[in-house]
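The values are calculated or read from the model by the stated rules, or taken from the named source; none is laboratory data. From a predicted model like this one, the values you see are computed outputs, not experimental measurements. Here the Cβ is made from the backbone with ideal geometry for all residues, glycine too, and neighbour counts use every protein chain on show.
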Amino acid sequence: MRLLLGTANTGKAIEIRSALTPLALELVTPADLGIFDDCEEPHDTLRENALFKARFYFERGGGIPTIAEDTGLYVDAIVDELGVKTRRWGAGEHATDDEWLAFFLKRMEHEEDRNAKFVCALAYIDIDGNELIFEGDSCGTITREPRAPYLPGLPVSSVFLHEEYDRVFSALTHEEKSAVSHRGKAIAQFMHYVKNG
């Protein structure tokens, strides 16, 4: 099966592609199809944004089955600031990864409660246009400084310490991270659906 990964985020594409390896799918990106249009995230929930992006790429990809996701970071100390607008928050959606991360760590500098949770909504549109949503979450804490290099587009992974590990997300192996991450859990549900559907 051919599957379009509906994202322009390099880091997300790398993680999703790696996680889907067991399915032996033919994976394509928007760039592979000559799609360079920006996709907005206009809604107030992760589910709505994920579906919006999946529909956006499904239409531009000529009806190729498509997955797209939206992820939010929820931090207890600044509970109303991130969430669905995580990437657009603070330093702004056009900020570099380093700029975004620097702003975030500065904002968290004096916060003692560093508990946080990632939530992912993954939308899938099949060849017939049927739509499904898969969700996952991951709990941990925010470190006071980056502890490992991160993939492009995933700066928070360098400061997110999952509750089951003593290493931040970006220091985990792909297998370790996929087993416990928000995105990994959502993708696992999608893979189960594809294998059994």
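Here ALA77 does not qualify as within 26 Å of CYS139 (Cα to Cα), of a type in the set (Gly, Ala, Ser), at pLDDT 95 or above and crowded, with 18+ Cβ neighbours inside 10 Å. Residues in the stretch 169-181 that are without any contact (Cβ under 8 Å) to a residue 40 or more places away in the chain and either at positive phi or in contact with a Ser or Thr (Cβ under 6 Å, 6 or more places away or on another chain) (or both): PHE169, SER170. Checking GLY90, GLY140, GLY184, GLY83 one by one, the residue that is buried (at least 16 other Cβ atoms within 10 Å of the Cβ), touching a residue at least 60 places away in the same chain (Cβ under 8 Å) and among the small types (Gly, Ala, Ser) is GLY184 and no other.
Within the stretch 60-71, can one find any residue that is farther than 19 Å from ARG2 by Cα, at pLDDT below 95 and either of a type outside the set (D, E, K, R) or buried (at least 19 other Cβ atoms within 10 Å of the Cβ) (or both)?
Scanning the stretch 60-71 turns up no residue that is farther than 19 Å from ARG2 by Cα, at pLDDT below 95 and either of a type outside the set (D, E, K, R) or buried (at least 19 other Cβ atoms within 10 Å of the Cβ) (or both).
In the set (1) crowded, with 16+ Cβ neighbours inside 10 Å; (2) touching a residue at least 60 places away in the same chain (Cβ under 8 Å), the condition left unmet by GLU131 is number (1).
Filter the stretch 46-57 down to the residues that are in contact (Cβ under 8 Å) with a residue 60 or more places away in the chain and either crowded, with 18+ Cβ neighbours inside 10 Å or outside any helix (DSSP H, G or I) (or both) and list them by number. Spell out the reasoning first.
Residues of the stretch 46-57 in contact (Cβ under 8 Å) with a residue 60 or more places away in the chain: 46-47, 49-51, 53-55.
Matches in the stretch 46-57: LEU46, ASN49, ALA50, LEU51, LYS53, ALA54, ARG55.
Answer with yes or no whether ALA8 is more than 15 Å from ILE64 (Cβ to Cβ), out of contact with any helix residue (DSSP H, G or I) (no Cβ under 6 Å at 6 or more places or on another chain), of a type in the set (Gly, Ala, Ser) and part of a loop (DSSP other than H, G, I, E, B). Full working, then the answer.
Working: more than 15 Å from ILE64 (Cβ to Cβ): yes; out of contact with any helix residue (DSSP H, G or I) (no Cβ under 6 Å at 6 or more places or on another chain): yes; of a type in the set (Gly, Ala, Ser): yes; part of a loop (DSSP other than H, G, I, E, B): yes.
It is true that ALA8 is more than 15 Å from ILE64 (Cβ to Cβ), out of contact with any helix residue (DSSP H, G or I) (no Cβ under 6 Å at 6 or more places or on another chain), of a type in the set (Gly, Ala, Ser) and part of a loop (DSSP other than H, G, I, E, B).
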